[in-house]
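**Q** Provided herewith is a single structure, encoded as structure tokens, for subsequent inquiry.
We did not get these values from a lab; they are worked out from the coordinates using the rules stated. Keep in mind the model is a prediction, meaning the values are calculated, not measured. When we count neighbours, we look across all protein chains shown, and the Cβ atoms used for this are built from the backbone with ideal geometry, even at glycine.
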Amino acid sequence: MTVTDVPVDADRFRTALAQHATGVVIVTAHAEGTLVGLTATSFASVSLDPPLVSFYVDQASTTWPWLRLADHFAVNVLAGDQHDLATRFARKGLDRFAAPTRWHPGPHGTPLLEDVSAHLICVTHSTIAIGDHTLVVGLVTAAATSPARPLLYHRGRYGRFLPH
């Protein structure tokens with residue numbers, strides 16, 4: 001490794017990544033009688049054939065041990081007015097599924113959040129530890145959409161998508 005190959009410091013890295021606007025999802029699951037969910041801005045499409053999606057979860061997450069036990073999980077693509085829900089599922093120490101969260105059980109008992117832009121039901125395809133996170137790849141087994149515009153995250157704030 002040369003001097004130019006030294007990794008950038010964490011603060012500079014965070015500042016640079018904040019320039020990238022991204023969609024916001026909440027990944028939910030029902031594992032061993034426990035409802036779990038977390039907010040993710042690292043969601044991406046991986047493949048069309050087979051249909052694969054991915055997200056990253058911090059290995060220190062208290063939700064991850066439960067989520068990895070689930071047979072299925074749902075990716076809930078949040079609508080533009082659901083920033084409070086994104087914040088709720090990013091917090092620790094509260095029942096994320098209690099009111100005012102509105103949800104219903106979907107296929108395999110997977111919790112589906114109400115009024116989102118889309119639901120993707122997935123079965124875990126693979127997981128890979130990368131740095132301080134785990135990459136989770138899911139095989140999409142069902143999908144549903146609504147006309148709602150998505151929630152975006154940019155520079156540490158939530159916003160709505162407005163087309164030109």
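**Q** Please work out the Cα center distance from segment 144-164 to segment 1-54, rounded to the nearest Å.
**A** A separation of 17 Å, based on Cα centres.
**Q** Rounded to the nearest 20 debye, what is the charge dipole size of segment 6-141 about its Cα centre when +1 sits on each Lys and Arg Cβ and -1 on each Asp and Glu Cβ?
**A** With only Lys, Arg, Asp and Glu charged at Cβ, the dipole is about 160 debye.
**Q** Could you sort the peptides 30-42, 72-84 by per-residue average Cβ neighbour count (10 Å cutoff), highest mean leading?
**A** Averaged packing, sorted descending, gives the order 72-84, 30-42.
**Q** Quick check: net charge around residue 18, other residues with Cβ under 14 Å of its Cβ, Lys/Arg +1 and Asp/Glu -1?
**A** Summing Lys/Arg as +1 and Asp/Glu as -1 gives +3.
**Q** Which of these, 94, 120, 69, has the largest mean-square fluctuation under a Gaussian network model of the chain (Cα springs below 10 Å)?
**A** In the Gaussian network model the winner is 94.
**Q** Can you compute the helix-only [θ] at 222 nm over the chain? Use -39500 (n - 2.57) per DSSP H run of at least 4 residues, normalise by all residues, nearest 500 deg cm²/dmol.
**A** The helix contribution divided over the chain gives -3000 deg cm²/dmol.
**Q** About the Cα centre of segment 81-152, how large is the charge dipole given +1 on each Lys and Arg Cβ and -1 on each Asp and Glu Cβ? Please answer in debye to the nearest 20.
**A** 80 debye
**Q** Here is a further query. For the chain, what does the convex hull of the Cα positions come to per residue, in cubic angstrom?
**A** Normalising the Cα hull of the chain by residue number yields 149 Å³.
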